[in-house]
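The values are calculated or read from the model by the stated rules, or taken from the named source; none is laboratory data. This one's a predicted model, so the numbers in the text were calculated from it and none came from an experiment. With ideal geometry, Cβ positions are generated from the backbone for all residues, glycine too; neighbour counts draw on all protein chains shown.
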Amino acid sequence: MRHKRTGRRLGRTTSHRIAMVRNMVTSLLEHERIVTTTPKAKEVRKVADKMITLAKRGDLHARRQALAFIRDQKVVAKLFDKLRADYMDRNGGYTRIIQTGNRIGDAAPMAILELVNYQLTVEAATNN
């Protein structure tokens, strides 16, 4: 039994799962929108909200904590400059999950994970 064990294992080893969540959080903060499976989106949302909360604190220790997890200085700079200002007046709930149905190949439930303030631009719409 998994009493007091939080989080989904997602069929991966611990190191693989941590690396995957790191990469997905980095991609989410960089592109502000990613497409993934629903269970992965629910796990990534937890960490992404914590990273935005760190950015709202804005001190040096919070920046170093974010760099320890994200490890991409450009994404951390965007998080602490642009995204911090966008979410400063918001008390949580920085991401949204939109269910998109099942994937064709294996019928996995798919979802779009995006930041709440995400705006689809004309340029991005033509690329998709």
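Quick look at the values:
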| read-out | value |
| --- | --- |
| Single residue of Glu32, Glu43 found to be touching a strand residue (DSSP E or B) at 6+ places or on another chain (Cβ under 9 Å) and acidic (Asp, Glu) | Glu32 |
| Flag if Ala62 is loosely packed, with under 13 Cβ neighbours inside 10 Å and either modelled with pLDDT of 95 or more or part of a helix (DSSP H, G or I) (or both) | no |
| Failed condition for Arg90, given (1) more than 26 Å from Gly105 (Cα to Cα); (2) assigned to a loop (DSSP other than H, G, I, E, B); (3) touching a helix residue (DSSP H, G or I) at 6+ places or on another chain (Cβ under 8 Å) | (3) |
| Subset tally (residues that are exposed (fewer than 15 other Cβ atoms within 10 Å of the Cβ) and farther than 21 Å from Asp81 by Cα) for the stretch 21-36 | 1 |
| Condition met for Thr36 (within 27 Å of Pro109 (Cβ to Cβ) and polar (S, T, N, Q)) | yes |
| Among residues of the stretch 37-59, those that are exposed (fewer than 15 other Cβ atoms within 10 Å of the Cβ) and either more than 20 Å from Ile18 (Cα to Cα) or touching a Lys or Arg at 6+ places or on another chain (Cβ under 7 Å) (or both), counted | 3 |
| Per-region count, the stretch 93-128, residues surrounded by 12 or more Cβ atoms within 10 Å (Cβ to Cβ) and assigned to a helix (DSSP H, G or I) | 1 |
| Ile18 being part of a helix (DSSP H, G or I), of a type in the set (Val, Ile, Thr) and closer than 20 Å to Phe80 by Cβ | no |
| Filtered residues of the stretch 21-38 (kept if among the polar types (S, T, N, Q) and in a helix (DSSP H, G or I)) | Asn23, Thr26, Ser27, Thr38 |
| Criterion (among the small types (Gly, Ala, Ser) and within 22 Å of Arg103 (Cβ to Cβ)) met by exactly one of Ser27, Ser15 | Ser27 |
| Candidates Lys46, Lys42, Lys50 - the one that is farther than 24 Å from Arg103 by Cα, among the basic types (Lys, Arg) and not in a loop (DSSP other than H, G, I, E, B) | Lys50 |
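Residues are listed down the side, and each one gets a yes or a no for (1) free of Cβ contacts under 8 Å to residues at least 24 places away in the same chain; (2) touching a Phe, Trp or Tyr at 6+ places or on another chain (Cβ under 8 Å); (3) closer than 16 Å to Val25 by Cα:
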residue: Arg57; (1), (2), (3): yes, no, no
residue: Leu79; (1), (2), (3): no, no, yes
residue: Tyr87; (1), (2), (3): no, yes, no
residue: Tyr94; (1), (2), (3): no, yes, yes
residue: Ala111; (1), (2), (3): no, no, yes
